[in-house]
Amino acid sequence: SKHNYEIDFLLSKKNKICPIEVKSSGYKAHRSLDVFTEKFSDRILNRYLIYTKDYAKDRDIFCLPIYMTVFL
């Protein structure tokens, strides 16, 4: 079966894009972000996951608590 993955927001920085996936819980799975990255890897500067826990870095993904979104 075909899955539909979606990225919640895109930022543009330095002629590149920064995909942002928002999670309503602390769950850190990011399949949409991964699928999007496979398709557009040459255009991506940074990847972000917005969620309800503390700041973390998961490989090259910046996992940001909601209150830090103002710094994007």
Mind checking the dipole of the chain: about its Cα centre, +1 per Lys or Arg Cβ, -1 per Asp or Glu Cβ, Debye to the nearest 20? 120
Stokes-Einstein at 4 °C, 1.567 mPa s, Kirkwood radius from Cα pairs: D for the chain in µm² s⁻¹? 104
May I ask which residue of T37, F9, Y27 lies farthest towards the positive end of the charge dipole of the chain, with charges of +1 (Lys, Arg) and -1 (Asp, Glu) on Cβ and the Cα centre as origin? T37
Per DSSP H run of at least 4 residues, take -39500 (n - 2.57); add these up for the chain, divide by its residues and hand me the 222 nm value, nearest 500 deg cm²/dmol. -4000 deg cm²/dmol
Give me the percent of DSSP beta bridges within the chain that run antiparallel, rounded to the nearest 5. 45
FRET efficiency (D8, D42; Cβ distance; R0 22 Å; to 0.05) is 0.55
The chain, relative contact order [Cα under 8 Å, separation at least 6], %: 26
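Throughout, read-outs are computed from the coordinates displayed, never taken from laboratory work. No experiment lies behind these values; they were computed from the predicted model shown. Note: ideal-geometry Cβ built from the backbone for every residue, glycine included; neighbour counts use all protein chains shown.
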